[in-house]
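The values are calculated or read from the model by the stated rules, or taken from the named source; none is laboratory data. The shown structure was predicted, so the numbers you read here are calculated from the model rather than taken from an experiment. Note that we place each Cβ from the backbone using ideal geometry, even for glycine, and neighbour counts take in every protein chain shown.
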Amino acid sequence: MTLNICDYLRDRIKSFLAARGESIRWLCKQTGADYSTIYRLHSGEQKRLSFTNAKRILYVIEPANADSILHDYFPRETSETRELGAKTESDALSAILAEDLQLYKVYVFAEMEGIERWHIKEQFGNEGLKHLDKLLRLGILVEGSNFKSTMEGRSYPPEDVIKKTAIHHFHMVPLNVPGSIIEDIRGGLSDEGIRDLYEAVVELREKALKIMKEKKGNRLVVMSAIAGPGEIL
């Protein structure tokens with residue numbers, strides 16, 4: 001196609017707002033896209049746009065044609081999300097990460113504070129840059145002064161995605177490195193014991209999140225916790 005998605009949306013956004021007498025800030029609230037993205041699209045400054053932001057905008061300004069337009073401009077991304085059969089966009093993006101360990105590694109590395117493209121190349125080589133570009137293209141990461149994940153605050157992922165992510169973490173942790181630990185605990189418990197164990201895991205999670213928030217650094221750490229009544233049959 002001769003136009004890219006940014007050129008296409010610039011004209012559509014202008015006519016959409018003019019017809020309604022609304023502002024760019026109003027459109028941001030309707031789409032969930034940030035102000036700078038809509039502003040730069042409107043002014044013609046924006047040259048690249050993620051699949052996620054394009055989808056958010058099109059579903060508001062051209063809902064009837066959104067899927068066909070997305071297919072025209074983002075054929076690969078549209079195919080990937082359809083093949084996964086996810087119920088929501090959030091589920092689809094979570095599933096993409098859960099299916100590819102190397103993509104997930106680049107994702108968790110890139111979202112650490114201070115990471116730039118050259119860090120990705122140094123750590124993962126040219127394949128890592130390809131994975132990074134895919135994450136940006138799908139809107140899983142957005143690029144600013146740092147790479148930022150768009151997955152925070154989204155709906156809770158499906159059970160199979162959570163389990164696959166935990167398996168990713170298992171493969172990412174070398175047990176011979178100080179600070180690494182994996183424990184297997186099992187046994188019979190009463191209902192009261194199950195409740196107490198659940199509360200202990202929740203407390204552990206809250207402590208871990210507090211540490212992650214207050215003591216940020218450039219050493220990647222992953223953690224998964226699972227506890228509950230086991231199914232034997």
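Every condition in (1) within 23 Å of VAL161 (Cα to Cα); (2) of a type outside the set (S, T, N, Q); (3) in contact with a Gly (Cβ under 9 Å, 6 or more places away or on another chain) holds for ARG219 except the one numbered (1).
Among the numbered conditions (1) under 26 Å from SER94 (Cβ atoms); (2) buried (at least 16 other Cβ atoms within 10 Å of the Cβ), tell me where ASP67 comes up short. Condition (2) is where ASP67 drops out. Taking (1) among the aliphatic types (A, V, I, L, M); (2) under 30 Å from GLU159 (Cβ atoms); (3) at pLDDT 85 or above in turn, LEU84 satisfies each apart from (3). Within the span defined as segment 3-12, one or more residues are at pLDDT below 90 and exposed (fewer than 13 other Cβ atoms within 10 Å of the Cβ). Among the residues making up segment 162-192, those that are in a helix (DSSP H, G or I), at pLDDT 85 or above and of a type in the set (A, V, I, L, M, F, W, C) are ALA166, ILE167, PHE170, MET172.
Every condition in (1) over 30 Å from HIS169 (Cβ atoms); (2) modelled with pLDDT under 85; (3) basic (Lys, Arg) holds for ARG76 except the one numbered (1). A residue that is touching a strand residue (DSSP E or B) at 6+ places or on another chain (Cβ under 8 Å) and at pLDDT below 90 cannot be found anywhere in segment 15-26. Among the residues of segment 12-29, those that are of a type outside the set (S, T, N, Q) and under 14 Å from ILE57 (Cα atoms) comprise ARG12, ILE13, LYS14, PHE16, LEU17, ILE24, ARG25, TRP26, LEU27, CYS28, LYS29.
So how many residues does segment 150-161 have that are in a helix (DSSP H, G or I) and either under 20 Å from ASN53 (Cα atoms) or without any contact (Cβ under 8 Å) to a residue 60 or more places away in the chain (or both)?
Total meeting the criteria: 1.
Which residues, taken from segment 200-233, are without any contact (Cβ under 8 Å) to a residue 40 or more places away in the chain, charged (D, E, K, R) and in a loop (DSSP other than H, G, I, E, B)? LYS215, ARG219, GLU231 - these are the residues of segment 200-233 that are without any contact (Cβ under 8 Å) to a residue 40 or more places away in the chain, charged (D, E, K, R) and in a loop (DSSP other than H, G, I, E, B).
Within segment 106-130, the set of residues being within 28 Å of PRO158 (Cα to Cα) and surrounded by 20 or more Cβ atoms within 10 Å (Cβ to Cβ) comprises VAL106, TYR107, ALA110, GLY128. Taking each residue of segment 26-51 that is farther than 17 Å from TYR8 by Cα and looking for partners that are surrounded by fewer than 13 Cβ atoms within 10 Å (Cβ to Cβ) and polar (S, T, N, Q) with beta-carbon atoms closer than 9 Å, six or more apart or interchain, yields nothing. What tally of residues in segment 106-149 results from selecting those that are more than 29 Å from ALA227 (Cβ to Cβ) and assigned to a loop (DSSP other than H, G, I, E, B)? Here the count works out to 8.
Residues in segment 160-177: is at least one over 21 Å from SER94 (Cβ atoms) and surrounded by 10 or more Cβ atoms within 10 Å (Cβ to Cβ)? Break it down into steps so the answer makes sense when it comes.
Step one: list which residues in segment 160-177 are over 21 Å from SER94 (Cβ atoms), which gives 174-177.
In the following step, the residues that additionally are surrounded by 10 or more Cβ atoms within 10 Å (Cβ to Cβ) were identified as none.
No, the conditions are met nowhere in segment 160-177.
Do the conditions hold for LEU197, that is, is it closer than 30 Å to GLN123 by Cα and in a helix (DSSP H, G or I)?
Values: closer than 30 Å to GLN123 by Cα: no; in a helix (DSSP H, G or I): yes.
No; evaluated as a whole, the condition is false for this residue.
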